[in-house]
Amino acid sequence: MKPPSLSLSAVGALLSAAFALSTLAQAPTAPQQPEGPPQHHEEPAPTNLKVLPKTMTGEQVHDLMHKWEAELGTECSTCHAADPTKIGRNGKPRLNFPDDSKKEKASARLMYKMTEDINANYVNMIDNSGVPVSCGTCHRGHLTPEKFVPPPDHEHEHGTAPSSPAPQKPSTPK
C-alpha cells in the first residue's frame with residue numbers, strides 16, 4: 001500500500017505549523033502582570049472588638065496591630081491563637097483573631113485602655129506636652145519593658161550649679 005501523496009503547498013503548511021509550534025514551545029514566557037495598579041488585599045471586617053472603636057475598618061485594625069507589633073517587638077501569634085482547622089498557604093495553621101483564649105490578648109486590651117487613659121486624663125492636661133504615650137513609650141521594641149537604670153549620680157550639691165572638678169596635681173615619676 002502506497003502512502004497518500006500530499007501537495008507541495010500542504011507539505012509547506014505542515015512544516016510551517018511544526019516550526020511555529022516548536023518555536024512557541026522554546027520561547028520563554030514572560031510572567032503575566034495584572035493590568036492596572038497592583039491589587040490591594042482588603043482586610044476582613046473586624047469582629048470581637050472590645051476596647052477598640054467598633055467603627056474601625058479591617059484595614060485600620062490591621063495597621064494598628066502592625067504598629068503594636070513593632071513597638072512590642074513581637075508577632076501576631078503572641079496574642080492570637082492558632083486555629084488548627086484552618087491551614088494557610090505556608091502549611092501552618094491560620095490565626096483565629098476573634099479568639100480570646102490567650103492571656104496576652106487580655107493584657108493588650110488592658111494596656112490599650114491604660115494608654116488611652118494616660119493620654120486623655122494626664123498628657124492632654126499639660127500644655128505643650130508633646131506626643132501622646134503609646135506602647136513604644138515604655139516597651140521600646142521589647143515584649144516586657146526593660147528595667148530602667150538611671151545614670152550614675154553626679155557629685156554636686158543640690159541647689160547650686162555643678163562645680164568643675166578640682167585640679168589634679170601632676171604625678172611625679174618614682
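The values are calculated or read from the model by the stated rules, or taken from the named source; none is laboratory data. Because the structure is a prediction, the values reported are computed rather than measured. Here the Cβ positions follow ideal geometry from the backbone for every residue, glycine too, while neighbour counts run over all protein chains shown.
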For this session: Scan (1) on the phi < 0 side of the Ramachandran plot; (2) in contact (Cβ under 8 Å) with a residue 60 or more places away in the chain for the single condition residue 73 breaks and write down its number.
Result: (1)
Exercise. If you scan the range 63-102, which residues turn out to be among the aliphatic types (A, V, I, L, M) and farther than 19 Å from residue 46 by Cβ?
Worked result: 70, 72, 87
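Listed here are the residues, each with its yes/no results for (1) at pLDDT 95 or above; (2) at negative phi; (3) of a type in the set (S, T, N, Q).
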{"position": "62", "(1), (2), (3)": "yes, yes, no"}
{"position": "68", "(1), (2), (3)": "yes, yes, no"}
{"position": "77", "(1), (2), (3)": "yes, yes, yes"}
{"position": "83", "(1), (2), (3)": "yes, yes, no"}
{"position": "90", "(1), (2), (3)": "no, yes, yes"}
{"position": "99", "(1), (2), (3)": "yes, yes, no"}
For this session: Name the one entry in 95, 110 that is of a type outside the set (S, T, N, Q), in contact with a Cys (Cβ under 9 Å, 6 or more places away or on another chain) and free of Cβ contacts under 8 Å to residues at least 24 places away in the same chain.
Result: 95
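Residue-by-condition table, conditions (1) surrounded by 10 or more Cβ atoms within 10 Å (Cβ to Cβ); (2) at pLDDT below 80; (3) touching a Phe, Trp or Tyr at 6+ places or on another chain (Cβ under 8 Å):
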residue	(1), (2), (3)
120	yes, no, no
126	no, no, no
139	yes, no, no
143	yes, no, no
152	no, no, no
157	no, yes, no
161	no, yes, no
169	no, yes, no
Exercise. Would you say residue 58 is in contact (Cβ under 8 Å) with a residue 12 or more places away in the chain and in contact with a helix residue (DSSP H, G or I) (Cβ under 9 Å, 6 or more places away or on another chain)?
Worked result: no
Exercise. Got at least one residue in the range 82-105 being surrounded by 11 or more Cβ atoms within 10 Å (Cβ to Cβ), part of a helix (DSSP H, G or I) and out of contact with any Leu (no Cβ under 7 Å at 6 or more places or on another chain)?
Worked result: yes
